[in-house]
Amino acid sequence: MHRTGPIVELVSTISDAAETIQQLDTSQLVKHLVAAIGADSVKSGRLDQHLYAKDASVLRGTSSVVTLPRCTADVQAIVRTCTANGFSFVARGSGTGLAGGAVPLDNAVIIATARMNAVEEVDVENGFAWVQPGVLNLDLSRALLPYGRHFAPDPSSQQACSIGGNVANNSGGPHCLAYGVTSAHVLAIEVVMADGETVMLGGLDAEPSGYDLRGLFVGSEGTLGVATRIAVRLTPNPPIVKTLLLDFVQPNDGAATVSSIIAAGVVPAALEMMDQRAVEVVEAFANAGYPTDAGAVLLVELDGMADGVAADVETVRRVAHANSVRSVRVAADDAERDLLWKGRRNAFGAVARLKPDYYLHDTVVPRTKLQEVLEKVYEIADRYELLAVNVFHAGDGNLHPILAYDSREPGVMDRVHAAGAEIVKASLDAGGVLSGEHGIGLEKRDYMPLMFTSADLAEQDRVRSVFDPADSANPMKVIPSGSRCGDFAGHTGSGHTIPEGAWV
Amino acid sequence: MSDSVTGTFNIALGLDADSLASCVSCGLCLPHCPTYRVSTEEMSSPRGRIALMNEVSRTGVGDQSFIDYMDECIQCMGCETACPAGVPYGSMMEATREALAEQTGYQPRWRRSGFWFLGHPRLLRGASSILAVLQRLHLVPSRLGLPKLPITRPRLRSTGEDVIVFTGCVMDAWMRDVHVATVEILEALGLKVHISGDEAPCCGALQSHAGLGGQARARAAEVVMGLKGTASIVVNSAGCGAQLKNFGAILGTAEAAALESRVFDVHEFLVTRLDDLEALAGERDAERQRVAVQDPCHLRHVQRNHLDVHAVLEPFVVPVSLDDEGLCCGAGGAYSVMHPDTASSVRDRKIDAIGRTGCSMVASANPGCMMHLAGGGLDVRHPVEIIAASIGR
Amino acid sequence: MTAVEHESVVAAFAEEIGRSDPVAVVGAKTQWLVGGEPAEGVRLVRAPAGIISYEPAEMTVKVRAGTTIGSLNEELGQHRQMVPFDVDDRSATVGGVLSVGRSGIRRRRYGHIRDFVLQATYVNAVGDVISAGGPTVKNVSGYDLCRLMVGSLGTLGLIAEVVLRCVPVPTASRWFTYDGDPRNLDASLFQASSILWNGDTTWVLLEGHEADVESQAGKCGLQPTEGAPLVPKHGRLSKRPSDLYGLTGDFLAEIGVGVVHVGVGHLETSGAVEQTGARHLHRAVKERMDPKNRLNPGRCPIL
């Protein structure tokens, strides 16, 4: 078999073990959980466990019990019960993550926060809203509509993904180019720690005292505790929004336009690119009038005040024409704008029209290296006989190469993982990073040494251990297991080694 | 509910392998699923149900929880509209239910009998009249959500062969006023109308949804037999229209496929005569009534022609769209009777959405939705009733 | 300079910091007293200075911590870019401003300065060189230790170099004054860069396209003025934006942000502590990362 890359090794080590996992006796755990939070919030059937053993990634783990808390006190009770019974736990929002961050390892108890879905308070004057973690991203922005505000991070899964998940992954989205990622839009977080205690990180004051533990928590992928209430920052809706569709015959003209727009001093609200294959599948779903014969299209959104936007539209036009654009279409109204975005937001799922499975990657490269890395991606995919589709946040260099395949083809997963490993390495070689917005989770955990030294990883683990010394919050994620010995005071890491029960 | 199964059972779902493989579990369907919205559990979501179909197909072993999770689906098809991958969820769910009905106690005899009974309008009308009398005597529990049933019904007479009005089963027994309104409008447009009546008794949609494929095919065959000719078939029940438009796949005959192309939802039919409707409406009042329009799932997510309802109402009232992206109201044919709690929780969201429009009247183009929403205390009219009332004025 | 030579600069800084004795880092001493003065007799070190690389098309700059904000913005300005770290004294250093963690008066528009740090390389308590974050404008690889560094007063690690995100210099930038209630402006101006209020007069900074600045100013009845008001230097309060309106005395409040600059003799000296219940956690972070309390002893960001 053809194997390269740590993930492939991880997967092959554990794939057979998973099938033969011993039936775990969870009856005591279930009994205690039922006593703590009620029978209707505890699910322990075989099929229930099966469903919650996976998120939107291709990874699968094993869960013991699924819990559906309604409030902070429920979460505290669950965490305490887990600890008392020697179980770890994994918080889960909508399960739309693509890096296996919510995949339970170690027979962890699932804490599904979907029922905690109240927008508790909207304070326009102070620019925040208190929300529970299960509130869906788009539901939040809809709830804020009457106030002329929205929540700026807008991952492509925004209709389905939860704010808790956004906090865990420090989610981005097309509009993060101008507005910044989740970290910049969270003021305070109420967290249930691994010991069951509740703490407030950050605050509603301008300059809360102490270390920025709030900033540390955002993007920590559920390994520092469970967020139970989140104060999100409200962003005023821009008075003017213009969406442009630029159509290029040559993909490299599209890529060149991306860096030229930024170099011309325009920071669009969003700047997205789709290659020819992506345009085809997106058009088949959305019927938005995307030019299916284009080599690449750019979706550019400009927002702000009227004159500034008008000037930026002209700059973008000028830059695009200098780079041989074939046509520039400016959406005439909100309906046309929504249609263009509908296509973009559903692009990943629409790829399933080409092949039944896809593996979506997420790396970032310097904008000026986009074309170079894209060509490399196609070359790698060709070599492994896979179909590569590219639709991504070009403005911040955030690549999302999609490898489309049919998992029923024998041996195809090895090729998919090997190609993925090469894509990650090509991105790092170009001066990029492992993940722009999907997170490390389980998927890229073992790639971490490609980007960080052992001292870096030991430092990260040291900070994590302050929050969760027993490693019971979403265990074995983010940091590879070899990094667990770096405590200055001589503590040893917890006993977890190779994750059991994860397979593709 | 079905008779409970203890332990596990062997089952062959027989689902199409490509269909099963087509879900990439992205989760974009979750917020568009009414039962997921209410329960927030993966088991109540399209993604979850497909994963369970996959797992049970793989192992060949099911249990009662599998039956319950499959039975909880309202089959609104909101997920199909939302799915970027084009997963054929509806046909997978129907096939799964059919396998469960054939191989397990999923549809016990009393339920099968009930669906058989619904498919025979003459019996249904007789029984309905009895039920109507019982209602007047307050002997029918109101939580069943039944509308006030008519003891007698106005007669419908065929006047020609320009267009066929499909009358169906439940609709004809309980809501003949809607048929009367439909005929009035068509005649006002100068058309001669043929009433399908007992020539083509029942489309079999409810039976299909319940996994009773045999009954559904028998009903479909009767309708194909009864509706020969070339005239357009106008349907004022969104669910029946969707079923008639799927007869080709259900029966697999050329005759059935040919019938599909003659079927029009009544609004889809009227929208082709919008100018004539405008003429009937005359000058628009400055103070036209605002009416909230609830899009039945079988129009919005299956027939995908829900905007026609808004278009044909527009000359007469101000149609107001809801802001819930066509999330199901919870009626789901017989669903609201089988799962009253879930159906009413789902309805609460719809009532909230309607409340946000500030309208006091709701237009709904499907009998199941009409009854279910009326059961929630709303003033619900079929769009053709609103139009007919305006014309009659 | 080659990559290897760059690394040797960081290595030399780490060498100077050493692995055991108490040490404090000094920049331009423009905010030297914030969070307490380093303990007496502590060895002082200075971070290296200089811009390592600047890619205008990437809008990122890699810079050593000892570089002054003035010289950095001078270089960036040649490409009409900047980092909006508004400092009173151009000699303030990048490392110093980040370690203190106080944003400038344009935070209302540009956000907190911590959101400009993409990557941080620092020397930890045992003298190891640690790199956190990544060089690209977007990155979620691993724990965001950069956030911990900002505002830590050098008590968790001493910053050697950072990669910063830049923004375009706006084409127009004008100060105005306003006589009415500043709350009106907060609600009606879109993305004002700064709204400052001293209990009497309101100053507004509008930036962007010339015509937009003029039209917004016209719409709200703003009067052109020469520049920013004098910012009181004696103290700084942290409040919620809605809690600014009962203030008295010599103060200048950042409307929509909640920071209040106060002058000598102001009664309040510190803001409310919001992180209730988390103090033990802050201490635990410090104890784990610097168990011997050798980094900037005497300074403490935890109230």
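A few notes on this one:
- If only residues of region C:128-187 that are at the interface with chain A (Cβ under 7 Å from one of its Cβ atoms) and charged (D, E, K, R) are counted, the one that is nearest to A:Gly432 (Cα to Cα) is C:Lys138.
- Hey, B:Ala281 touching a Ser or Thr at 6+ places or on another chain (Cβ under 9 Å), hydrophobic (A, V, I, L, M, F, W, C) and either over 28 Å from B:Val87 (Cβ atoms) or without any contact (Cβ under 8 Å) to a residue 12 or more places away in the chain (or both) or not: yes
- Odd one out for B:Arg304 among (1) among the charged types (D, E, K, R); (2) surrounded by fewer than 24 Cβ atoms within 10 Å (Cβ to Cβ); (3) farther than 17 Å from B:Val235 by Cα: (3)
- Unique residue being in the same structural domain as A:Ala332 (by TED's automatic domain parsing) and either closer than 23 Å to A:Gly172 by Cα or charged (D, E, K, R) (or both) when the list is A:Thr315, A:Thr292, A:Thr257: A:Thr257
- C:Val83 meets all of the listed conditions (1) within 12 Å of another protein chain (Cβ to nearest Cβ); (2) of a type in the set (Val, Ile, Thr); (3) under 16 Å from the mean Cα position of the chain (by Cα) but one, namely (1).
- The single condition among (1) of a type in the set (Gly, Ala, Ser); (2) more than 27 Å from the chain's Cα centre (by Cα); (3) at pLDDT 95 or above that B:Ser45 does not meet is (2).
- In region C:236-246, residue farthest from A:Val124 (Cα to Cα) [restricted to those that are at pLDDT 90 or above and of a type outside the set (Ser, Thr, Tyr)]: C:Arg236
- Looking across region C:53-72, the residues that are modelled with pLDDT of 95 or more and surrounded by fewer than 18 Cβ atoms within 10 Å (Cβ to Cβ) come down to C:Ser53, C:Gly70, C:Ser71.
- Just one of the listed residues (A:Ala102, A:Ala77) is outside any strand (DSSP E or B), in contact with a strand residue (DSSP E or B) (Cβ under 7 Å, 6 or more places away or on another chain) and either crowded, with 20+ Cβ neighbours inside 10 Å or among the basic types (Lys, Arg) (or both), namely A:Ala102.
- Selection within region A:442-475 - under 21 Å from A:Arg214 (Cβ atoms) and either more than 10 Å from chain C (Cβ to nearest Cβ) or not acidic (Asp, Glu) (or both): A:Gln460, A:Arg462, A:Val463, A:Arg464, A:Ser465, A:Val466, A:Phe467, A:Asp468, A:Pro469, A:Ala473, A:Asn474
- Residue in region C:87-96 that is nearest to the chain's Cα centre (by Cα), counting only those that are under 23 Å from C:Arg299 (Cα atoms) and in a loop (DSSP other than H, G, I, E, B): C:Val87
- Qualifying positions in region B:23-65 - of a type in the set (Val, Ile, Thr), farther than 15 Å from B:Met77 by Cβ and either surrounded by 22 or more Cβ atoms within 10 Å (Cβ to Cβ) or assigned by TED's automatic domain parsing to the domain that holds B:Gly330 (or both): B:Val24, B:Val56
- All positions within region C:159-198 that are closer than 24 Å to C:His261 by Cβ and hydrophobic (A, V, I, L, M, F, W, C): C:Val167, C:Trp175, C:Phe176, C:Leu185, C:Ala187, C:Leu189, C:Ala192, C:Ile195, C:Leu196, C:Trp197
- Any hit, region A:207-226, residues being at negative phi, more than 10 Å from every other protein chain (Cβ to nearest Cβ), of a type in the set (Gly, Ala, Ser) and not in a helix (DSSP H, G or I): no
- Residue list for region B:208-232, restricted to those being more than 22 Å from B:Gly90 (Cβ to Cβ) and among the hydrophobic types (A, V, I, L, M, F, W, C): B:Met225, B:Leu227, B:Ala231
- Among all residues of region C:65-77, there is at least one that is acidic (Asp, Glu) and farther than 17 Å from C:Gly157 by Cα.
- With respect to the conditions (1) closer than 29 Å to A:Met273 by Cβ; (2) in contact (Cβ under 8 Å) with a residue 60 or more places away in the chain; (3) crowded, with 24+ Cβ neighbours inside 10 Å; (4) within 14 Å of chain C (Cβ to nearest Cβ), A:Gly397 lacks only one, and its number is (2).
- Residue match in region B:99-107 (condition: crowded, with 23+ Cβ neighbours inside 10 Å and facing chain A (nearest Cβ under 10 Å)): no
- For region A:280-293, a residue qualifies if it is crowded, with 23+ Cβ neighbours inside 10 Å and either modelled with pLDDT of 95 or more or not aliphatic (A, V, I, L, M) (or both), and exactly one does: A:Tyr290.
- Elements of type helices (runs of 4 or more DSSP H) contained in region C:97-198, each with 1 or more residues being in the same structural domain as C:Phe251 (by TED's automatic domain parsing) and either without any contact (Cβ under 8 Å) to a residue 40 or more places away in the chain or touching a helix residue (DSSP H, G or I) at 6+ places or on another chain (Cβ under 7 Å) (or both): C:182-188
- Number of the exception - B:Gly377 against (1) crowded, with 24+ Cβ neighbours inside 10 Å; (2) in a loop (DSSP other than H, G, I, E, B): (1)
- Against the numbered list (1) in contact (Cβ under 8 Å) with a residue 40 or more places away in the chain; (2) surrounded by fewer than 21 Cβ atoms within 10 Å (Cβ to Cβ); (3) outside any loop (DSSP other than H, G, I, E, B), A:Leu450 comes up short only at (1).
- Pairs are defined by a Cβ separation below 6 Å, a sequence spacing of at least 6 or placement on different chains, a first member in region B:294-311 that is outside the structural domain of B:Ile74 (by TED's automatic domain parsing) and touching a residue at least 40 places away in the same chain (Cβ under 8 Å), and a second member that is crowded, with 23+ Cβ neighbours inside 10 Å and among the hydroxyl-bearing types (Ser, Thr, Tyr); the pairs so defined are B:Gln294/B:Ser364.
- Residue match in region C:207-218 (condition: within 12 Å of chain A (Cβ to nearest Cβ) and in a strand (DSSP E or B)): yes
- Residues considered: A:Glu459, A:Glu443. Of these, the only one that is of a type outside the set (Ser, Thr, Tyr) and closer than 18 Å to A:Gly100 by Cβ is A:Glu443.
- Residue ID - nearest to B:Gly326 (Cα to Cα), chosen from residues in region B:11-69 that are of a type in the set (S, T, N, Q) and within 7 Å of chain A (Cβ to nearest Cβ): B:Thr40
- Residue within region C:12-20 that is away from chain A (no Cβ under 14 Å), buried (at least 18 other Cβ atoms within 10 Å of the Cβ) and touching a Lys or Arg at 6+ places or on another chain (Cβ under 7 Å) present: no
- Residue in region A:236-254 that is among the β-branched types (Val, Ile, Thr), touching a residue at least 24 places away in the same chain (Cβ under 8 Å) and facing chain C (nearest Cβ under 7 Å) present: no
The values are calculated or read from the model by the stated rules, or taken from the named source; none is laboratory data. Please read all numbers here as calculations on a predicted model, not as lab measurements. Using ideal geometry, Cβ is built from the backbone for each residue, glycine included, and neighbour counts are taken over all protein chains shown.
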